[in-house]
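Remarks on the structure that follows.
Where a number appears in this text, it was derived from the coordinates with a stated rule and is not lab data. Since the structure is predicted, the reported quantities are computational estimates derived from the model, not experimental observations. All Cβ positions, even for glycine, are placed from backbone atoms using ideal geometry, and neighbour counts span all protein chains on display.
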Amino acid sequence: MGFKEDRAEKKEKKLHDKYMKEAIKEAKKAAANNEVPIGCVIVRDGKIIAKNHNRRNKDKSVLSHAEILCIGEACKKTHDWRLEDCTMYITLEPCQMCAGAIVQARIPRVVIGSMNAKAGCAGSVINILQMSEFNHQAELIKGVMGEECSAMLSDFFANLREEKKQFRRDAMEEMEQIMDRRGTVPAPSAEPSTAAPENESESAEPENK
């Protein structure tokens, strides 16, 4: 009995890893576009029916989260707003908007890579996906390829911080070069006055104002 359970668990883990890897591929597409790397896929009957990634900056839309885009694709594919026989794989714990959409779409199972301590709504800040007050709750499986998903986000933000630092360094160097050039260019001489000044204070304009 124990052997069969262990084998079943390994099989399920392998399956979860397979689809999470596809979500990670989507997240990397987001990173390539300077978007926060979040990817999502929706699986039905062992097949991926929708996949997408964070496109909020590219689309200039707060609605362009990976989960929302995926749900839209899946609804079109199934010709139904209910996704009752689907599983969502997402690299980062959903926010309140996406968690609400998951509940509304009746998705029964959500597999999460990395948790989001500051904004996650599948248990970190609040658990919208399993609130008894709603008429739908989702099964949650957390930490699937969690290290890979977390590292991808950490690397992205580390690179972003380094780019900002480099931008500031480049701006400072450019400013210093401009100041150096200004310091080496001789100021134009004043035009000779045709009338003698009444006193020294009215003699000539200063060279640099």
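Worth a mention:
- Cα pair count fraction exceeding 26 Å, expressed as % - the range 1-126: 20 percent
- Potential extension, Glu176-Lys164 segment - 0.36 nm per residue separation minus Cα distance: 2.5 nm
- Here the simple spin-label model places points 7 Å from the Cα toward Cβ, and for Lys18 and Asp155 these points are separated by 2.5 nm.
- The GluC sites (Glu not before Pro) of the range 92-171 that meet both conditions, a loop assignment by DSSP and at most 12 other Cβ atoms within 10 Å of the site Cβ, are Glu133.
- Spin-label model, Arg44 to Lys60: label points 7 Å out along the Cα-to-beta-carbon direction sit 3.3 nm apart.
- Sum of side-chain charges, Arg44 neighbourhood, beta-carbon under 15 Å (Lys, Arg +1; Asp, Glu -1): +2
- Selection of trypsin sites (Lys or Arg not before Pro), the range 56-126, meeting DSSP coil and at most 10 other Cβ within 10 Å: Lys60, Lys118
- From phi via Karplus (6.51, -1.76, 1.60), per-residue ³J(HN,Hα) for the range 23-39 in Hz, x at Gly/Pro: 5, 5, 4, 5, 4, 5, 5, 5, 4, 5, 9, 6, 9, 4, x, 10, x
- With 0.36 nm allotted per residue and the present C-alpha distance subtracted, the Ile126-Arg7 stretch has 39.5 nm of extension available.
- Checking every one of the chymotrypsin sites (Phe, Trp or Tyr not before Pro) in the range 101-164 against DSSP loop status and a limit of 14 other Cβ atoms within 10 Å picks out Phe134.
- Here His79 and Phe134 are evaluated by their C-beta separation; at R0 = 25 Å the FRET efficiency comes out at 0.50.
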